[in-house]
Structure formats: structure tokens, C-alpha cells
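Chemist: Sharing a structure, written as C-alpha cells. Questions coming.
The values are calculated or read from the model by the stated rules, or taken from the named source; none is laboratory data. Small disclaimer: the values here were computed from a predicted structure and weren't measured. Ideal geometry is used to build each Cβ from the backbone, glycine not excepted, and the neighbour counts take in all protein chains shown. Ligands, DNA and RNA are stripped out before the accessible areas are found, and what is left, the full protein with its side chains, is counted by its heavy atoms. Shrake-Rupley method; radii C 1.70, N 1.55, O 1.52, S 1.80 Å.
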Amino acid sequence: MNILISSNDNYKVPTMVMLTSFFDCNPEKHTVYMLESALSDGADAKIRELVGKYGAEYVRIHLAEDLFADARTRSYISRETYFRLLAAKLLPAGTDRVLWLDSDILVRGDLNGFYERELGEYMAAACGYGPAMREIIGKNAADLGLEHPETYFNAGVILMNLPVIRECVDEDRLRRLVTSESTAKFMFQDQDIANLIFDGRVQLADYRVYNCMIHSIEGTEDLEDARRNAVIIHFAGEAKPWKFNDIHFADEWMECYRKCFGGDRELKRMSYFRLKALYALRQKHDTSDK
């Protein structure tokens, strides 16, 4: 498989844990393409060493430091996530497909079935959202003016059909979207741009299997289904397992972290739900004082 990632020094650790989980479940030989503009040589060397340990090829693609300098970011959306939008241009011309994986995911199974699917004239294969998010996502897709809002996808896991993208995507339009002032109103920044670019040309896969987002897990039945069937767990949003110890699948992520960095190495983490409760209490207190 061709795997596409992007990282910086702040995301080095989750990137390495994600790659460890991927290689453990997919032992064949792979090529990992790293898109970066601010990754130190030291961090790059550690990621390269990890990839080499699993017998995979590692290709570093260094980009200009001011690329997408005006792109909108958040605490959990970095400038580096925009680089994937240029994958068709940046990867070697003979590369037909590549699988983008966010750093905040955990791979739990074989991805060959997803990777080898027939894409035809689709630009990409990706996953939509579960019931918990569909109302929000539906409104967002409508606000974006998508012609095919039903194919709105999460951009954490994308199988890109590079020849079709090269043929169909207007790079000038893409760059205008990234730098446009209107993106300040976008709910999901780079993901919304990807949906505008790929509108109607995305083959949807089962989100419960290939992009199971923890905020889409509602109740015991959903959780048990995810534990049995999810090949990819996605810690989308602010609830990250390297910060919080009580979110779904944080224990599995921590196991992979220990395997990557050593069994006795620990992280200082806190309770996500306690933090939310304290925040809600403070909001209630502030409101009552007005």
C-alpha cells in the first residue's frame, strides 16, 4: 500500500503510534509518504527509523514553509492537514492510489479490502458519519452548497484515486479555497474544502468499520459493535487519547503507545468527562452570576 501522512514535531508521537498500529495489522511491505514543512530532522529520523523497522519504504516530501500559511487552523486542525489536498501533484506521477491516514487514528485490522476496492471514476473512497452527527453534517453540507450533500465525508481516512484527481481537480480553485476569507465560516476547514473539491465523486464506505469516530459511538450496543468490527478508530475532535484516559479505546491506543515507545513509558493524562463536567459547572456558575 501507499500510505500518505503529514506531521510536525507536536504530532510526532501520535503519528508514530498510528503507524505502529497500522504496521502491526498490515505486515506487507508498504511505502509511506510524509508531507511536511516544519518537521525537524530529529523527529523525521525517529519516524523513518520506525518505518524502516517494519521493512517499509519512507519518502519525505519537504514543502515550502509558507505553503498554505493563511490556512485556517484550530487546536486540533494543523496547517499540515491541508497538504493532502495537493497529493495528486506532490506524489510521483506513476502513483495510482494512496491512502491518507490522520495521525489521531488507531488501526485495528487489515486494510487491504478497503485499499484494493474498485474506484472507477470516483476521485476517492471515504466514510460518512453516524446518526449522532448526521443533523450537524447535513446542515453543514447544505451551507457549503454541495451538489451532492449525501456524499459528505470525513477526511481522516481517504483512499485517493490519483489519476482521476489529476484529471479533474482545478489546482487554482483549490488554492483559492484554502486562502479565501470565506473559509473562516467553514465548520471543518480543510475537510469542507476536500468535500467541495470531490463533491459527488466519492465512494462511501462503512463508517462503522473504516472510520469509526468515537463521538459517533452511542451506548453499549454501538460500543460492542465497534470493539468487534471497527478496523479504524478515529479520535476526531478535541478528545485525544494522549490527553485523556477515559474516552473510548484510549486503553487500546495506550497499549500501542507502550509498544512503540517502551512498556514502562507513561503519559500524564486526565479525565475527559470530569473536565467536561467542571466546564459545564463553571458555565452554569458564570451564567447565574449575570
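Chemist: Of these, 161, 140, 195, 154, which one is in contact with a Cys (Cβ under 8 Å, 6 or more places away or on another chain), in contact (Cβ under 8 Å) with a residue 40 or more places away in the chain and polar (S, T, N, Q)?
Modeler: 154
Chemist: Here is a follow-up. Looking at (1) at pLDDT below 90; (2) open to solvent by 60 Å² or more (accessible area, probe 1.4 Å); (3) hydroxyl-bearing (Ser, Thr, Tyr), which one does residue 180 not meet, given that it meets all the others?
Modeler: Here residue 180 clears every test but (2).
Chemist: Every residue in the stretch 228-254 that is at pLDDT 95 or above and over 20 Å from the mean Cα position of the chain (by Cα), please.
Modeler: Across the stretch 228-254, the qualifying residue is only 228.
Chemist: Any residue in the stretch 194-208 that is hydroxyl-bearing (Ser, Thr, Tyr) and farther than 20 Å from residue 112 by Cα?
Modeler: Residues of the stretch 194-208 hydroxyl-bearing (Ser, Thr, Tyr): 207.
Next cut, farther than 20 Å from residue 112 by Cα only: none.
The answer is no; no qualifying residue exists.
Chemist: Go through the stretch 26-56 and report how many residues are part of a loop (DSSP other than H, G, I, E, B), at pLDDT 95 or above and on the phi < 0 side of the Ramachandran plot. Break it down into steps so the answer makes sense when it comes.
Modeler: Keep residues of the stretch 26-56 that are part of a loop (DSSP other than H, G, I, E, B), which gives 26-30, 37-40, 54-56.
Remaining after also requiring at pLDDT 95 or above: 26, 30, 40, 54-56.
If we keep only those that are on the phi < 0 side of the Ramachandran plot as well, we get 26, 30, 40, 54, 56.
Adding up the residues that qualify gives 5.
Chemist: What are the residues in the stretch 57-92 that are at pLDDT 90 or above and among the hydrophobic types (A, V, I, L, M, F, W, C), if any? Let's see the steps before the verdict.
Modeler: Keep residues of the stretch 57-92 that are at pLDDT 90 or above, which gives 57-62, 87-92.
59, 61, 87, 88, 90, 91, listed by residue number.
Chemist: Does the stretch 6-22 hold any residues that are farther than 20 Å from residue 91 by Cβ and surrounded by 15 or more Cβ atoms within 10 Å (Cβ to Cβ), and which are they?
Modeler: Those that are farther than 20 Å from residue 91 by Cβ and surrounded by 15 or more Cβ atoms within 10 Å (Cβ to Cβ): 11, 12, 13, 14, 16, 17, 20, 21.
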